[in-house]
Structures are given as structure tokens and as C-alpha cells.
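The values are calculated or read from the model by the stated rules, or taken from the named source; none is laboratory data. Because the structure is a prediction, the values reported are computed rather than measured. Ideal geometry is used to build each Cβ from the backbone, glycine not excepted, and the neighbour counts take in all protein chains shown. Remember, those area values only see protein heavy atoms, side chains included, never the ligands or the DNA or RNA. Shrake-Rupley method; radii C 1.70, N 1.55, O 1.52, S 1.80 Å.
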Amino acid sequence: MAHFVLPSLRYALAGMALALVSHSVLAQPLSVENAKVRAVPPVSTNTAAFMVLHNRGDSDLAVVDARSPAAEITELHNHVDVDGVMQMRRVAEIGLPAGGSAELAPGGLHLMLIDLVAPLHEGDEVEITLVLDSDETLTFSAPVRRIEVMGGGMSGKDSGQNGGHQAH
Ligand SMILES: [Cu+2]
């Protein structure tokens, strides 16, 4: 591996770093706990991230977007009961009232990581950025973990193989 950096690239990187510093303002009132990404078999191209969000501020806020370098697309999802069948739906935002919290957990709200750029291994750290309605962002890393499917009865079925909506 070459260790030198071309001058033009060096300038480009410096500019990028400046742009990130000036644009990415830490969303102070928002805190993230217990973030994790579901480990999936290498054939799976999608996975989900779970966490607990707390709004410790005095005003309401909402998470309106998310992104991760680990996936081509990151979406906010929820599960809804449609005639007794749980289906995933993309949601426009995850609202957090002042002093409130939201749990992203299997069977409910989650971040959907779609078209993973590389297979994820247990123990890997995945960078995730949440975008608020105020345009503030919060970036953190979440470890890849094995996460059991909730609801029992499904444990005998290898639900991770299709890489699709049943993966979580
Ligand atoms: Cu989903």
C-alpha cells in the first residue's frame, strides 16, 4: 500500500473534513443508547439497526432520515399489523416529544440498512448518522450483534436466508 497522498487528493480531503465539521452539528438533546445492528448471513443484503432514542431537550424533535456508509440506502421503518400479519412500512419520521423516548426494537421501529456494501461480521462497528428535522445530525457507531427474533415460534426457521423482509 502506498502511504503518500497526492497533493490534489490531500486538498480534496481537507475540504471534505472542513465541510463535515461545519455541517455536522451534534444534536445535543438527542442521545442514543444500546445501539446495535443485527448480524445477518453473508447472503443477506439487508439488515436492521435497533436502539433507544432519548430527547432530553425542552422541545419536540423528530428523526427524519438516517444514513450509514455500510449500506447504499438507510430508511426509517416500522412494523404494522395488517390483518394479523406484521408488515414493514417506511415511515417519514420518528417523533420524539420533549423529554420522551422511542425504542427501536425487533417487531417495531427500526432503521433498515438496504444493499449492504459489504458483509457484516459480528463485532464489526457500523457508523450510523441520524438526521433531525432541525437539520442537525448525530453520528455514532453500533456493534453488529446476534439478535434473536422476537415472538417465539420462528426460531426453528432460518429467517435470515432470504435477505428480505423476514430477516427481522
Ligand atoms: Cu425494515
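Against the empirical 2.2 N^0.38 Å (N residues), the stretch 38-131 has a Cα radius of gyration ratio of 1.13. When S134, S44 are compared by accessible area of protein heavy atoms, the largest-first order is S134, S44, using a 1.4 Å probe. Applying 1/(1 + (r/R0)^6) with R0 = 22 Å to the Cβ-Cβ distance of A118 and R145 gives a FRET efficiency near 0.80. Based on the convex hull around the alpha carbon atoms, the stretch 56-95 presents an average projected area of 4.4 nm². Accessible surface computed residue by residue for the stretch 27-149, with neighbouring protein chains in place and a 1.4 Å probe, gives 49 Å² per residue. How much of the accessible area of the stretch 27-149, in percent, comes from carbon and sulfur atoms when a 1.4 Å probe is used? Within the stretch 27-149, the accessible surface is 46 percent carbon and sulfur.
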